[in-house]
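Derivation of every value follows stated rules applied to the coordinates shown; laboratory data play no part. Everything quoted here is computed from the prediction, not taken from an experiment. Here Cβ is always computed from backbone atoms with ideal geometry, including for glycine, and neighbour counts include all displayed protein chains.
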Amino acid sequence: MKCLIFDFDGTIVDNLPQVFGLLKENLNRKNIDLSKYSLEYLRQTGVKKFMKQIKISKLELFSIYLDIKKKIHQNLNDNPPVKGLPTVLSELKKKYLLIIFSSNKPKNISNYLQKYHLEKYFSEIAEDSSYFGKHVGLNKIVKEHHLNQQEVLYLGDESRDIEAARKTGIKSGAVLWGFEGDKLLASFSPDFLFTHPNELLKIV
């Protein structure tokens, strides 16, 4: 392995409670009480499937997504990094090229990294700006850095991250401390499942 590509929200940033709270606010405005459902139920079900269950249309879901995304970006620095991850990053940096790949704006991410003293670990912040899927941006990173696909691992906390890695032909690592739960992520057959940041040092 030569390169580790990290998703940002939920993978590096511990903002799951914030996202859950923002989702609850949005659904309350539609007279849907999210407190009936546990956080773990939502994590194991997945957002898209859950929204179908409560009869939220694709258009409404997109509107909710934009609102949550906007507020996450506005309050990004209020959420600390995932516990234990900074120490792990310092070790990984000694051996691997570390890149962040996210739909969050590079400037927001850069400010966040500086606040929590993580900027020294990452060589690049690549923005996921394609409407055609995350694999487009991942392919671009692989080509620009002249990487062998088998030497790249993409780490993310959602099933769509696993699918994007598969389409790109690179390995996928699902982290279990983010937005989706272990059973849901395992059902998409990632190459690796990580329950704690320290496990990155053992498996990688």
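For region 116-129, the criterion of being within 18 Å of A164 (Cβ to Cβ), in contact with a strand residue (DSSP E or B) (Cβ under 6 Å, 6 or more places away or on another chain) and aromatic (F, W, Y) is satisfied by no residue at all. Would region 139-147 turn up any residue that is in contact (Cβ under 8 Å) with a residue 60 or more places away in the chain and among the polar types (S, T, N, Q)? No, there is no match, as no residue in region 139-147 is in contact (Cβ under 8 Å) with a residue 60 or more places away in the chain and among the polar types (S, T, N, Q).
Go through region 48-95 and give me each residue that's touching a residue at least 40 places away in the same chain (Cβ under 8 Å) and in contact with a Phe, Trp or Tyr (Cβ under 8 Å, 6 or more places away or on another chain). Correct list: L76, P80, P81, V82, L92. Of the strands (runs of 3 or more DSSP E) lying entirely inside region 132-204, those containing at least 2 residues that are of a type outside the set (D, E), touching a Phe, Trp or Tyr at 6+ places or on another chain (Cβ under 6 Å) and buried (at least 16 other Cβ atoms within 10 Å of the Cβ) are 171-175.
Among the residues that make up region 146-164, is at least one of them of a type in the set (S, T, N, Q) and over 30 Å from K202 (Cβ atoms)? Walk me through it before giving the result.
As a first pass, look at region 146-164 and keep what is of a type in the set (S, T, N, Q): 148-150, 159.
Restricting the remaining residues to those that are over 30 Å from K202 (Cβ atoms) gives none.
No.
Restricted to helices (runs of 4 or more DSSP H) entirely inside region 37-125, those with at least 2 residues that are among the acidic types (D, E) and surrounded by fewer than 18 Cβ atoms within 10 Å (Cβ to Cβ) are 58-74.
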